[in-house]
Structures are given as C-alpha cells and as structure tokens.
1. As an exercise: evaluate Cys55 against (1) over 31 Å from the mean Cα position of the chain (by Cα); (2) modelled with pLDDT of 85 or more and give the number of the one condition it does not meet.
2. Give segment 130-160 a look and list any residue that's modelled with pLDDT of 95 or more, among the basic types (Lys, Arg) and surrounded by fewer than 18 Cβ atoms within 10 Å (Cβ to Cβ), or say none.
3. Out of segment 94-110, which residues are in a helix (DSSP H, G or I) and either touching a His at 6+ places or on another chain (Cβ under 6 Å) or of a type in the set (Lys, Arg) (or both)?
4. Tell me which of these Met217 doesn't satisfy, since it passes every other one: (1) part of a strand (DSSP E or B); (2) under 19 Å from Arg131 (Cα atoms).
5. Can you tell me which condition Thr62 does not meet? The list is (1) β-branched (Val, Ile, Thr); (2) surrounded by fewer than 15 Cβ atoms within 10 Å (Cβ to Cβ); (3) free of Cβ contacts under 8 Å to residues at least 24 places away in the same chain, and all the others hold.
6. Just the residues that are under 20 Å from Ile198 (Cα atoms) and within 22 Å of the chain's Cα centre (by Cα), please, taken from segment 249-287.
7. Among (1) among the polar types (S, T, N, Q); (2) in contact (Cβ under 8 Å) with a residue 60 or more places away in the chain; (3) under 28 Å from Pro58 (Cβ atoms), which single condition is Gln113 missing?
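The values are calculated or read from the model by the stated rules, or taken from the named source; none is laboratory data. Keep in mind the model is a prediction, meaning the values are calculated, not measured. Here Cβ is always computed from backbone atoms with ideal geometry, including for glycine, and neighbour counts include all displayed protein chains.
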Amino acid sequence: MTEPNLSPACFTNYNQQTQSNLFWLIPPEIRYEIFAYTLTSAPDTTQLPEQDGYCTRPGYETRHRTYTELLRTCKRLYMEAWFMPFLRSEHAFWMASWDRTPERMITVKKMQQGLNLIHDRHGEVQGGRIRVFPQLYRLESTTDFDGIFTMRHFYPQSVTITIRYTDTWFWEHNEELHIEGAWGKQLVLPSSVTRFCIDIESIERRKDEVDYIAGEMADQWRFQRADNTNMLAAKADTTVSRWTGSSMLGKRRWLRDETAPGQLRYYFATVTWRPSQEPLDARRLNPPLRVNWSRPSLPDLGFDSIKESYLERSGLSMTTPMGQVLARCIADGYGPRTDQYASEDDPEDDPEDDSDEDSDEDSE
C-alpha cells in the first residue's frame, strides 16, 4: 500500500483576503488563537463510547476528532493554519503490552514526519501536549522512552505521564502501591516544557496509598529539561480526581474492586512540576516510593474476578449484583481460586488471559 502524502498543499497564488476583517483588522496573534481554538481535537461524539477495556478513561472514551471545515474556507487561511490540528492535539503514546493499547495509535515515526513538515514550512513552532501511558514494568526498565523525547523539531509545552491502576505492579493481587524512581534520571524533557505532570491512579478504597505516593513524589522527585533547567513540584499544585469505569478488564469482571454492579470507582492524583531556578539536590533525586503500612484485609469472596466467557454462558450481565454472581459460581462449581479459574465446563487455558505477571516475567 502506498504511504499517504502528508505534505500540505502549497499554493503559489491565493487571494490575500484584504476585504475580510479576519485578515485586515484582526492581528495575526489573535487570529492564531481563534484558529487554535477551532482546530483543537476533541472526543468524537458521533461514536458510541467504549465501556470496557484498559484504554477507556476520561477523555479517551472514543477516538478524538478535529473539525477541519475551517481549513477549507480559503487558501490563505489554510496556509496559515494547516498545521494546527497536529499541533493542538494531545498526542498519546503507549509504553505497554499490545493488549493494553488501542487499535489505532500514533507512532514516533509518524509523528516525526509531521514535525519535519511543520519545521520545513514554519520553523520552530512551540506548543502541543504529549501524554504517555506506561505500564510500570516498561517505565522502570526504559532508558530511551521509545524515542518519544528525542524527536527532532519537538517543542511541546506540556507532558503528562499517566500511570493507570492496571499499569501498577501486581494490581491483580492487590499488592501495595510502589514505584521506582531511577527512570527519572534517564528522562530529559524538551527545553520547551513548562508543565510536567504524573498521574498516579488506583481505586477509591486505596486513595490513601495514592495520596501518600503523590505527596512523596512532590517532595522528593525532581526532573530536568534539556537546557539543564530543573523541574520542581509543590504539594499545593497536586490535584485529585475521581471517575467511574467498567469492572470488565482483560475479559474478566473484577468483583473484588466493585463499588456497584459492573463498576469501579477510580481515584487519581496529578503531581505537577514546573521550571525552577533552585539547584538540583542529587542526594534527593527520585528515591523509590512504597506504601509501607499495614492495610486492611479484604473480605474473602472466593473469587477476585470472573471470566467474561463464563458470565456470558451463565446469562449473568454486568448489572447482576455481586452476591448473585458469587452464588451462581458456587452452585456451578466454578474453578479454584487460581489465576486461570479453570473448571470442567471452562477447560481451556484462556489465551487471552493478560495478567501483569506475564508482562513482568518478560521484563526480568
């Protein structure tokens, strides 16, 4: 298949639109803001939102769409603003196993092509937002971040690393929240970055763990830009949010974590680092962080999660209360409390089982 031509149209002749107030009266700086607002991407509301899966979360319920009708109004406007849909989008990169990523996603190679085109036509253009979704086994072992932060002509103002609940170590086994910090010594942010954030997420009942890790990050973690500017955080800048998502993850319904039938209540904190003139204290550079207190024991349900295939065969929907699901499992002799949950009527080793243990073994 022939690669699509990403080069923008280059018009040798076009109307200067001197009769238009947009070009005659409004200064270029104001026009830029108007175009930027109009050409910023947003979730496509014409698509049904995804309910289940690792990738569904606020702002990522559907694919994003940019409404480009404005670019088709006249050649001069196109020449001024053709690159803005690219620049004004939040570009998401996924450092995760294949089953934890969306079907369609941007790659470093494709983004570099776009950056080269913008630089060739307009020189250095600052702006844009980057978000990285890493599983911790990938984040803690990386040395180059898959080339994300070494792209040429790359001048983002905002970078966010989002660590989802299912990206943390052994979340399936309710292991205490912990994260290494040595990867931060390898991270060199572009000099254009004025805001660097880390989202750390778990579920509502583990909010104290999130608050502790986020507080320690703000106090003890530092990052640097390519121009040697230090990035420091303040606890006062840390924000918290909540959202509700499906309990169907990895083709299993996670009864253990449900707050309502078929639902998980997520809690995450966002720690923000900004440029600072304060010198970096190497002795405090990103120590490992771990929740070190005794946590309440969870009730023994008999099953932490139930296979989607079993639920479908048994006629149990996502709105069936947990108690009814457990009672049916017991009556059916559903399998032992192991990671595979095999039983006589469900004998297969599920090839789609995608617990983090497989990923962790690969990373060792």
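1. So the condition that Cys55 fails would be (1).
2. Residues satisfying the conditions do not exist here.
3. Arg100, Lys109, Lys110
4. It is condition (1) that Met217 fails.
5. (2)
6. Answer for segment 249-287, where residues must be under 20 Å from Ile198 (Cα atoms) and within 22 Å of the chain's Cα centre (by Cα): Arg265, Tyr266, Tyr267, Phe268, Ala269, Thr270, Val271, Thr272, Trp273, Arg274, Asn286.
7. Every listed condition holds for Gln113 apart from (3).
Condition check ((1) over 20 Å from Ala92 (Cβ atoms); (2) among the polar types (S, T, N, Q); (3) surrounded by 16 or more Cβ atoms within 10 Å (Cβ to Cβ); (4) in contact with a helix residue (DSSP H, G or I) (Cβ under 8 Å, 6 or more places away or on another chain)) across all residues:
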site: Thr162; (1), (2), (3), (4): no, yes, yes, no
site: His173; (1), (2), (3), (4): yes, no, no, no
site: Lys185; (1), (2), (3), (4): yes, no, no, no
site: Val193; (1), (2), (3), (4): no, no, yes, no
site: Cys197; (1), (2), (3), (4): no, no, yes, no
